[in-house]
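First the structure, in the form of structure tokens, and then the observations on it.
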Amino acid sequence: MGVEGKVILVTGASQGIGKACALTLAKNGAKVVIAARGQDKLDAVAAEASGEVMPFACDATDPATVDALFAAIRERYGRIDVLFNNAGNNIPTTNFGDIEYDQWRHVVSVDLDGAFLMANRAFRMMRDQNPRGGRIINNGSISAHAPRPGSAAYTASKHGITGLTKSISLDGRQFDIACGQIDIGNAMTDMAARMAKGVPQADGEIRVEPLMDVQVVADTVLYMAGIDASANAQFLTIMATKMPFVGRG
């Protein structure tokens, strides 16, 4: 079916995976709303796009600014067809016993609370618009399946995303709202650059891990966003072929 003409919100869109997805969706004819905290970075992404892009600075953890974002989408487009719920955060590798509560909240507030807020507001809009319905794509992670050493906050939040995805998918049926999850492993972004230098493994060793081009992720999100409304990619894992995930540890 494709994404041409669809109104698609991408969060965490000022860099990395979000930026690549926003540019790819716009290139393929979507009307893309991009959200992140930094207006300057968003404006730069919009200037780079070959298509319609609306930048909107928003803190995913703040209900007031999230509500302002959806009000702006409603005012400009009157509806939303797809949310790519992508905004995320992390802390350096830290053994569970050494994690402080403020570090825990730093990760969970964005990765889980922020994902809830965005999905919740998108769900309401999709439910109430005419014609109703839409699609929510949550960014899970390989960590939604198996943890890395010293990643309790990130892993817990991503396991939470899986539960959120399942609940939205179930509750959305009666309103023609589909919800799926993309679990991404080792895309070549600034956040994942450390993989090329070596990261801790379950056996205590430090090893370099392979990376994949972030455009592969963008093309996968493009596919998920363009699926016919009668179908849903419930869970889709895209990862570097030789990443140590299957049989991790």
Volume in Å³ per residue [convex hull over Cα atoms, computed for the stretch 153-194] = 81 Å³
key: Relative pair counts by distance (%), Cα atoms of the stretch 8-67, 10 Å bins   = 29, 56, 15, 1
note = Site Ala202, offset 7 angstrom along Cα→Cβ, radius 13 Å on amide nitrogen, limited to the stretch 125-166, gives 143, 145-150
ask   = When the chain is modelled as a GNM with alpha-carbon springs shorter than 10 Å, which of Gly172, Gly198, Gly134 fluctuates the most?
value = Gly198
key: Partners for Lys19 among lysines (Cα-Cα distance below 24 Å; same-chain residues under 8 apart left out)   = Lys6, Lys27, Lys31, Lys41, Lys158, Lys197
request  = Would you tally the net charge around Pro55, using a Cβ to Cβ cut-off of less than 10 Å, leaving Pro55 out, and scoring K and R as +1, D and E as -1?
outcome  = -1
ask   = Gaussian network model of the chain, Cα springs within a sub-10 Å range: biggest mean-square fluctuation belongs to which of Lys166, Lys19, Lys31?
value = Lys166
request  = Classify the stretch 6-126 as rounded, prolate or oblate from the Cα gyration tensor: take a ≥ b ≥ c as the square roots of its eigenvalues, call it rounded if a/c is under 1.5, otherwise prolate when a/b beats b/c and oblate if not.
outcome  = prolate
inquiry  = Taking the Cα centroid of the stretch 9-80 and of the stretch 203-238, what is the distance between the two, rounded to the nearest whole Å?
reply    = 20 Å
ask   = Residue by residue through the stretch 2-13, which ³J(HN,Hα) values in whole Hz follow from phi under the Karplus form 6.51 cos²θ - 1.76 cosθ + 1.60 (θ = phi - 60°), with glycine and proline marked x?
value = x, 10, 4, x, 6, 8, 10, 9, 10, 9, x, 9
message = Using only the alpha-carbon atoms, what does the chain span along each of its principal axes? Please give whole angstrom values in decreasing order.
response = 54, 37, 33
key: Nearest-0.05 FRET efficiency for Glu4 and Ser109, computed from C-beta distance (R0 35 Å)   = 0.50
ask   = Add -39500 (n - 2.57) for each DSSP H run of 4 or more in the chain, then divide by its residues: what number comes out at 222 nm, to the nearest 500 deg cm²/dmol?
value = -12000 deg cm²/dmol
remark   = As straight-line cross-link partners of Lys166, the qualifying aspartates and glutamates (C-alpha separation under 20 Å, not fewer than 8 residues apart within one chain) are Asp81, Asp111, Asp113, Asp176, Asp183, Asp228
message = If the elastic network links every pair of Cα atoms under 10 Å, which of Glu52, Glu75, Glu209 fluctuates the most in the Gaussian network model of the chain?
response = Glu75
task = Using a 10 Å cut-off on Cβ atoms, rank the peptides 180-189, 214-223 from the highest mean neighbour count down.
result = 180-189, 214-223
query = Using 0.36 nm per residue, how much length does the chain from Val246 to Phe116 gain when fully extended, once their Cα-Cα distance is taken away?
reply = 43.9 nm
message = Quick check: convex hull of the Cα atoms in the stretch 96-188, volume per residue, rounded to a whole Å³?
response = 98 Å³
inquiry  = Once R0 is set to 45 Å, what does the formula 1/(1 + (r/R0)^6) return for the Cβ-Cβ distance between Arg124 and Asn95, expressed as a FRET efficiency to the nearest 0.05?
reply    = 0.65
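No value in this document is a laboratory result; all are computed from the given coordinates. It should be emphasised that the depicted structure is a prediction, and the values quoted were computed from it without experimental measurement. For neighbour counting, all protein chains shown are included, and Cβ atoms are generated from backbone atoms with ideal geometry for every residue, glycine included.
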